[in-house]
Amino acid sequence: MKQSAKELLDPTNLVIFGATGDLSRGRLIPALYRLHERKLLPRSFHIIGFARSEFSHEEFRSQVKISSEEWQAFAKKIFYSPGNFGNDRDFTKLANFLTKLESKKHNCANRLFYFATLPSHYPTISHALDKSGLLKGCAIHKRQTRVVLEKPFGADLPSARKLDKTLNSYFSEDQIYRIDHYLGKETVQNLLTVRFANSIFEPLWNKNFIDHIQISALEERGIDRRGAFYEQTGAIRDFMQNHLMQLLAHIAMEPPQDLSTESIRDERAKVIKAIKMPTAADLKEALAIGQFEGYRKEPDVHPRSRTETYAAVKLFVDNERWMGVPFYLRTGKKLKSKFTEVSIHFKKSSPDIFQMNSEIPNVLSFEIHPNEGIFLNISAKDPGFGIRLHPVTMELGYHSAFQGEFPEAYERLLLDFIEGDQRLFTRGDEIEHSWKYIDEVEKYITKTMPRVEIYRPGSWGPNTAEQLMKKDKKQWHIA
Ligand code: BG6
């Protein structure tokens with residue numbers, strides 16, 4: 001049988017810390033399973049779960065089991081090593097287990113470590129990995145060690161810097177993979193492809209032609225028993241600081257010199273750095289926050305909590321390309337339906353030769369949920385006598401245009417991690433720049449205590465968010 005290119009990848013062992021948690025069970029194991037089904041994993045590949053519970057390999061397999069045909073073959077790749085993050089002996093046991101696994105295969109392997117834990121454990125795990133010698137690669141066979149971390153990366157700029165300092169004392173930047181799973185989504189990737197692979201867009205992609213840009217990530221789901229976590233973050237830290245900022249970076253960045261990791265990361269970092277720092281007076285006009293009715297009754301939520309479950313903001317990117325173009329960002333929970341989209345609203349053409357006042361502005365939208373695709377609203381002539389304008393949509397619906405099942409974000413990101421491709425992972429400075437802006441917003445909220453409007457679950461959010469747009473004679477875009 002012919003080997004697929006992926007089967008020729010270096011032997012790899014992936015250790016998941018916090019292997020019995022929701023992330024591991026709900027996202028990581030299913031994504032790895034699908035990679036196995038697609039035959040994209042290296043031929044020699046093992047998953048080693050690490051967590052406190054005293055499971056045998058077999059018990060752990062049944063904990064993470066997926067009912068599917070191929071499960072038995074996949075389960076053979078899964079092992080378990082119980083342990084405590086702060087216990088050196090447990091890490092020595094893990095190291096011995098990996099060595100045994102590798103010597104059975106007569107081959108040393110890349111050793112990858114997934115931190116699927118609370119960020120407060122990151123320093124302890126990093127220290128233990130270092131001390132146990134697990135971070136050493138194999139120079140003879142050119143095997144590497146890498147770590148992947150989940151957000152939140154700090155709670156503000158000082159804590160993000162502190163975390164980075166800790167990580168950098170154990171790992172080099174090329175070993176660190178910081179996940180923002182939005183970067184693994186198909187349509188998000190397409191933002192760059194469409195912009196830079198088609199010559200028609202670049203001339204229009206600036207303040208001369210674009211009136212404003214909207215980035216929306218609206219969710220139907222609530223906080224899913226994550227009250228304690230959400231009380232610390234709120235919508236701004238949970239979603240805006242990372243996913244929305246990365247979407248903004250992709251839509252607004254300058255063309256990278258090439259497709260190398262550093263060129264792409266440099267351009268993303270530059271645009272986030274260029275976000276104009278708002279004053280309190282700016283934010284008074286440009287920020288709307290809300291909380292869904294019933295939030296205060298969720299487990300682990302303070303009965304008088306002011307935590308925002310919805311936030312909308314207007315900001316500016318202070319560079320030559322975007323000077324004066326407003327970017328409207330919004331995110332919220334318990335809303336009418338899930339809707340994630342980046343839309344580019346073009347200026348009306350002038351002069352209006354049709355003089356009908358009915359000219360509809362062109363909108364180019366990249367829809368991420370629910371209908372993955374790219375849509376362009378244009379005005380066309382209504383068929384028949386005379387000239388009447390009619391809005392029509394040119395669409396590239398992903399599922400109708402391309403056959404087959406698309407990889408889910410975690411599948412793509414895990415595969416990149418296994419292959420050692422860092423392009424879709426964020427660099428420390430991108431995160432720090434976005435905290436700089438978010439810290440200003442949080443400071444304003446703490447200081448001035450603006451109204452947190454209670455909104456009805458199942459609505460589109462607080463009225464103040466609608467007013468934010470109305471003041472600018474605009475409205476939120478809904479597909
Ligand atoms: C996570 C947030 O990063 O993204 C959650 O912490 C949010 O609050 C989730 O629900 C949304 O991800 P997706 O892929 O379902 O849009």
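Of the residues that make up the stretch 390-397, is at least one under 28 Å from residue 29 (Cβ atoms) and surrounded by fewer than 16 Cβ atoms within 10 Å (Cβ to Cβ)? Don't jump to the end; show me each part of the working.
Narrowing the stretch 390-397 to residues under 28 Å from residue 29 (Cβ atoms): none.
Among the residues of the stretch 390-397, not one is under 28 Å from residue 29 (Cβ atoms) and surrounded by fewer than 16 Cβ atoms within 10 Å (Cβ to Cβ), which makes the answer no.
Is it true that residue 91 is open to solvent by less than 20 Å² (accessible area, probe 1.4 Å), modelled with pLDDT of 95 or more and touching an Asp or Glu at 6+ places or on another chain (Cβ under 8 Å)? Walk me through it before giving the result.
On the way: open to solvent by less than 20 Å² (accessible area, probe 1.4 Å): yes; modelled with pLDDT of 95 or more: yes; touching an Asp or Glu at 6+ places or on another chain (Cβ under 8 Å): no.
When the stated conditions are applied, residue 91 does not pass them.
Go through the residues of the stretch 270-290 one by one and say whether even a single one is touching a helix residue (DSSP H, G or I) at 6+ places or on another chain (Cβ under 9 Å) and more than 22 Å from residue 329 (Cα to Cα).
No, that holds for no residue.
Would you mind finding the one in 176, 236, 200, 210 that is modelled with pLDDT of 95 or more, more than 23 Å from residue 416 (Cα to Cα) and over 15 Å from the mean Cα position of the chain (by Cα)? It would help to see each step written out before you state the result.
Working: 176 fails: more than 23 Å from residue 416 (Cα to Cα); 236 fails: over 15 Å from the mean Cα position of the chain (by Cα); 200 fails: modelled with pLDDT of 95 or more.
Residue meeting the stated conditions: 210.
Quick one: in the stretch 63-76, of everything that is free of Cβ contacts under 8 Å to residues at least 24 places away in the same chain and touching a helix residue (DSSP H, G or I) at 6+ places or on another chain (Cβ under 8 Å), which residue is least open to solvent (accessible area, probe 1.4 Å)? It would help to see each step written out before you state the result.
Taking the stretch 63-76 as the starting set, the residues that turn out to be free of Cβ contacts under 8 Å to residues at least 24 places away in the same chain are 65, 67, 69, 72, 75-76.
With touching a helix residue (DSSP H, G or I) at 6+ places or on another chain (Cβ under 8 Å) added as a condition, the list becomes 65, 75.
Working: 65: 113, 75: 7 Å².
Looking at the filtered set, the residue picked out is 75.
Any residue that is under 23 Å from residue 309 (Cα atoms), within 20 Å of the chain's Cα centre (by Cα) and open to solvent by 30 Å² or more (accessible area, probe 1.4 Å) - is there at least one of those in the stretch 274-286?
Within the stretch 274-286 (the criterion being under 23 Å from residue 309 (Cα atoms), within 20 Å of the chain's Cα centre (by Cα) and open to solvent by 30 Å² or more (accessible area, probe 1.4 Å)), the answer is no, since none of the residues qualifies.
Confirm whether residue 224 is without any contact (Cβ under 8 Å) to a residue 24 or more places away in the chain and either surrounded by fewer than 16 Cβ atoms within 10 Å (Cβ to Cβ) or under 19 Å from the mean Cα position of the chain (by Cα) (or both).
Against the criterion (without any contact (Cβ under 8 Å) to a residue 24 or more places away in the chain and either surrounded by fewer than 16 Cβ atoms within 10 Å (Cβ to Cβ) or under 19 Å from the mean Cα position of the chain (by Cα) (or both)), residue 224 qualifies.
Which of the residues spanning the stretch 170-208 are in a helix (DSSP H, G or I) and polar (S, T, N, Q)? Working first, answer last.
To start, the set of residues in the stretch 170-208 that are in a helix (DSSP H, G or I) comprises 170, 173-175, 181-184, 186-197, 202-204.
Hits for the stretch 170-208 are 175, 187, 189, 190, 193.
Considering every residue within the stretch 344-362, establish whether at least one is in contact (Cβ under 8 Å) with a residue 40 or more places away in the chain, open to solvent by 10 Å² or more (accessible area, probe 1.4 Å), assigned to a loop (DSSP other than H, G, I, E, B) and within 16 Å of the ligand (Cβ to nearest atom).
Within the stretch 344-362, not a single residue is in contact (Cβ under 8 Å) with a residue 40 or more places away in the chain, open to solvent by 10 Å² or more (accessible area, probe 1.4 Å), assigned to a loop (DSSP other than H, G, I, E, B) and within 16 Å of the ligand (Cβ to nearest atom).
Consider residue 389 carefully, then state whether it is away from the ligand (no atom under 16 Å from the Cβ), more than 30 Å from residue 273 (Cβ to Cβ) and at pLDDT 90 or above.
Numbers: away from the ligand (no atom under 16 Å from the Cβ): yes; more than 30 Å from residue 273 (Cβ to Cβ): yes; at pLDDT 90 or above: no.
When the stated conditions are applied, residue 389 does not pass them.
So for the stretch 152-170 (the condition being more than 29 Å from residue 435 (Cβ to Cβ), surrounded by 13 or more Cβ atoms within 10 Å (Cβ to Cβ), more than 16 Å from the ligand (Cβ to nearest atom) and of a type in the set (A, V, I, L, M, F, W, C)), does at least one residue qualify?
From the stretch 152-170, those more than 29 Å from residue 435 (Cβ to Cβ) are none; that's our starting set.
Checking the stretch 152-170: not a single residue is more than 29 Å from residue 435 (Cβ to Cβ), surrounded by 13 or more Cβ atoms within 10 Å (Cβ to Cβ), more than 16 Å from the ligand (Cβ to nearest atom) and of a type in the set (A, V, I, L, M, F, W, C).
Do you know which residues across the stretch 417-434 are touching a Gly at 6+ places or on another chain (Cβ under 8 Å) and at pLDDT 95 or above? Steps first, please.
Filtering the stretch 417-434 down to residues touching a Gly at 6+ places or on another chain (Cβ under 8 Å) leaves 424, 431.
Result: 431, single match.
Are there any helices (runs of 4 or more DSSP H) wholly within the stretch 209-317 with 1 or more residues that are in contact with a Pro (Cβ under 9 Å, 6 or more places away or on another chain) and away from the ligand (no atom under 12 Å from the Cβ), and if so which?
Values: elements: 227-235, 245-252, 261-273, 280-286.
Because the criterion is at least 1 residues that are in contact with a Pro (Cβ under 9 Å, 6 or more places away or on another chain) and away from the ligand (no atom under 12 Å from the Cβ), the helices (runs of 4 or more DSSP H) in the stretch 209-317 that meet it are 227-235, 261-273, 280-286.
Among 125, 179, 200, which is the only one that is exposed (fewer than 15 other Cβ atoms within 10 Å of the Cβ) and of a type in the set (A, V, I, L, M)?
Values: 125 fails: exposed (fewer than 15 other Cβ atoms within 10 Å of the Cβ); 179 fails: exposed (fewer than 15 other Cβ atoms within 10 Å of the Cβ).
Exactly one of 125, 179, 200 is exposed (fewer than 15 other Cβ atoms within 10 Å of the Cβ) and of a type in the set (A, V, I, L, M), namely 200.
Given 97, 60, 79, 55, which one is open to solvent by 30 Å² or more (accessible area, probe 1.4 Å), in contact with a strand residue (DSSP E or B) (Cβ under 6 Å, 6 or more places away or on another chain) and not in a loop (DSSP other than H, G, I, E, B)? Spell out the reasoning first.
Numbers: 97 fails: in contact with a strand residue (DSSP E or B) (Cβ under 6 Å, 6 or more places away or on another chain); 60 fails: open to solvent by 30 Å² or more (accessible area, probe 1.4 Å); 55 fails: not in a loop (DSSP other than H, G, I, E, B).
Criteria check complete, one pass: 79.
Scan the stretch 407-446 residue by residue and report those that are polar (S, T, N, Q) and assigned to a helix (DSSP H, G or I). Don't jump to the end; show me each part of the working.
Start the filter on the stretch 407-446 by keeping residues that are polar (S, T, N, Q), which leaves 422, 426, 434, 446.
Within the stretch 407-446, 434, 446 qualify.
So, residue 237, is that one in contact with a helix residue (DSSP H, G or I) (Cβ under 8 Å, 6 or more places away or on another chain), among the charged types (D, E, K, R) and farther than 30 Å from residue 304 by Cβ or not? Walk me through it before giving the result.
Values: in contact with a helix residue (DSSP H, G or I) (Cβ under 8 Å, 6 or more places away or on another chain): yes; among the charged types (D, E, K, R): yes; farther than 30 Å from residue 304 by Cβ: no.
So residue 237 does not fit the description; no.
Scanning for something more than 16 Å from the ligand (Cβ to nearest atom) and surrounded by fewer than 21 Cβ atoms within 10 Å (Cβ to Cβ), does the stretch 329-337 turn up at least one residue?
Let us first name the residues in the stretch 329-337 that are more than 16 Å from the ligand (Cβ to nearest atom), namely none.
Within the stretch 329-337 (the criterion being more than 16 Å from the ligand (Cβ to nearest atom) and surrounded by fewer than 21 Cβ atoms within 10 Å (Cβ to Cβ)), the answer is no, since none of the residues qualifies.
Determine which member of the set 375, 385 is hydrophobic (A, V, I, L, M, F, W, C), part of a loop (DSSP other than H, G, I, E, B) and more than 27 Å from residue 234 (Cα to Cα).
Numbers: 375 fails: part of a loop (DSSP other than H, G, I, E, B).
Result: 385 is the single residue among 375, 385 that is hydrophobic (A, V, I, L, M, F, W, C), part of a loop (DSSP other than H, G, I, E, B) and more than 27 Å from residue 234 (Cα to Cα).
The values are calculated or read from the model by the stated rules, or taken from the named source; none is laboratory data. Remember, predicted model here, so these are calculated numbers, not experimental data. Quick reminder, even Gly has a Cβ in these numbers, built from the backbone with ideal geometry, and neighbours come from all protein chains shown. Accessible surface is based on the protein model in full, side chains and every heavy atom, while ligands, DNA and RNA are left aside. Shrake-Rupley method; radii C 1.70, N 1.55, O 1.52, S 1.80 Å.
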